[in-house]
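The values are calculated or read from the model by the stated rules, or taken from the named source; none is laboratory data. The structure presented is a predicted model; accordingly, all values stated were derived computationally and were not measured. With ideal geometry, Cβ positions are generated from the backbone for all residues, glycine too; neighbour counts draw on all protein chains shown.
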Amino acid sequence: MISAALIYSLRRNERVFSLFEIIHTTFEELKRRFKSQVNVEPRSNNSSILWGSPNRALQIIDIYPFPPSSFLKLDNQPPAHPPPPPFGVDLALPKVGEGARKTNHDYTHGKLDDLIEVTIKHGAKLFVSAVGVPPAHTIKRLHEAGILVMNMVGAPKHAEKALAAGVDIVCAQGGEGGGHTGDVPFSILIPAVVDVARKYKSPLTGQPALVVAAGGVSDGRSLAASLMLGASGVWVGTRFVASDESGASRMHKEAVVDAGFGDTVTTLVVSGRPLRVLPNDYIKAWQSKPEEIKRLTDAGVVPIMKDFDEGKDVDIPFLMGHVAAVVKDIKPAGQIVEEMVKEAVHMLKVGHGYLKEGSKL
């Protein structure tokens, strides 16, 4: 997913608006370097994080769709001089085997340790596990290198498992979110995960574990709501698909703007895991055969891969969340961030007004 997480405190009236320029510059630099050294174009659904304070930024590079051999070519390249601006790496590490979905498989093809060493060598500041909890030895190795670990979660029990394993941050995505998602609504999930996180501290920093909110966040109102629910920041996806700087296709951006309420669906067709998308004719055809989808996935077969293997035409749908229905324009990402923060500050001030002495609720 194309995402941006805004993780910061509104305790001080500090500007964060110019940070997106840093993020965009970072991604363009990393993209050129990655393409020149590996000869693979980084996928468009990258993530950007404004981290900790208004003078720090991170760019997240999503590597799991690439063959591990492509990313491992970076191991033969020396670290950049001067070092690139801060960035992170996103990888899917689903549980495989007993107790796991039969459609799960090892996206790293047994190369996880090698990928982690490349991540460390090239100076990543954050590692994000998009699906599944990293093995204990992986978390330990990342912490030894001073790298924070964040886990995407869709239920409180997933947060408990990830934090107990030693991650520093959990990103809780409500079922409204685009891409891989669960079914617990945002307004229920975030406070529940915050309650779980209160029992844990970051092994790396010694500070309380952080919760980042995702799923249906597109403006300052949803940012303010996330903070009031106890999150330390937000991870925004669909809103940033429809930005000028997004690597999504023009058709994808326009599809977000044109989407209406109730237009998205979750499907097992693409990955064998619930994936929220805007259904195209290909997905609609499969969704009309739920028994066939269940038969295949129960046998560990991903429907779209079956069609690939049989040489049939496939049409991968656009990923987006429910919030696409309220996204009405394509504009610069910096403007999106600025408007989001300004509106959040305004809403928090409005909320504070309800607590004047003598107020009755």
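Things to note:
- Subset of the stretch 241-269 [of a type in the set (D, E, K, R) and assigned to a strand (DSSP E or B)]: none
- Given (1) under 18 Å from the mean Cα position of the chain (by Cα); (2) surrounded by fewer than 22 Cβ atoms within 10 Å (Cβ to Cβ), index of the condition PHE127 fails: (2)
- Residue in the stretch 352-360 that is among the acidic types (Asp, Glu) and surrounded by 15 or more Cβ atoms within 10 Å (Cβ to Cβ) present: no
- Test for SER218: is it in contact with a strand residue (DSSP E or B) (Cβ under 9 Å, 6 or more places away or on another chain), polar (S, T, N, Q) and not in a helix (DSSP H, G or I): yes
- Those residues of the stretch 123-147 which are of a type outside the set (A, V, I, L, M) and under 14 Å from LYS95 (Cβ atoms), in sequence order: SER129, GLY132, PRO134, PRO135, THR138
- Of all residues in the stretch 280-298, those that are surrounded by 18 or more Cβ atoms within 10 Å (Cβ to Cβ) and part of a loop (DSSP other than H, G, I, E, B) total 0.
- Of the listed requirements (1) of a type outside the set (S, T, N, Q); (2) at positive phi; (3) touching a His at 6+ places or on another chain (Cβ under 6 Å), LEU204 misses just one: (2).
- Looking only at residues in the stretch 228-245 that are polar (S, T, N, Q) and touching a helix residue (DSSP H, G or I) at 6+ places or on another chain (Cβ under 8 Å), the one that is nearest to GLN173 (Cα to Cα) is THR238.
- Where a residue in the stretch 86-109 is farther than 19 Å from GLY179 by Cα and its partner, wherever it lies, is acidic (Asp, Glu), with Cβ under 8 Å and at least six apart: VAL96/ASP106; LYS102/ASP298
- One residue from ILE188, ILE169 being in contact (Cβ under 8 Å) with a residue 24 or more places away in the chain and closer than 29 Å to VAL326 by Cβ: ILE169
- Residues in the stretch 304-325 that are assigned to a loop (DSSP other than H, G, I, E, B) and either in contact with a helix residue (DSSP H, G or I) (Cβ under 7 Å, 6 or more places away or on another chain) or of a type in the set (Phe, Trp, Tyr) (or both): VAL314, ASP315, PRO317, MET320, GLY321.
- Within the stretch 151-204, tally of residues that are buried (at least 24 other Cβ atoms within 10 Å of the Cβ) and among the basic types (Lys, Arg): 0
Every residue, every condition in (1) in a helix (DSSP H, G or I); (2) at pLDDT 95 or above; (3) over 18 Å from the mean Cα position of the chain (by Cα), yes or no:
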{"position": "THR205", "(1), (2), (3)": "no, no, yes"}
{"position": "VAL212", "(1), (2), (3)": "no, no, no"}
{"position": "ALA224", "(1), (2), (3)": "yes, no, yes"}
{"position": "ARG239", "(1), (2), (3)": "yes, no, no"}
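- Check on VAL301, surrounded by 14 or more Cβ atoms within 10 Å (Cβ to Cβ) and in a strand (DSSP E or B): no
- The criterion of at least 2 residues that are out of contact with any Ser or Thr (no Cβ under 6 Å at 6 or more places or on another chain) and farther than 23 Å from ALA100 by Cα is met, among helices (runs of 4 or more DSSP H) falling completely within the stretch 114-201, by 136-144, 186-197.
- Scanning the stretch 326-337 for residues that are assigned to a helix (DSSP H, G or I) and crowded, with 18+ Cβ neighbours inside 10 Å gives ALA333, GLY334, ILE336, VAL337.
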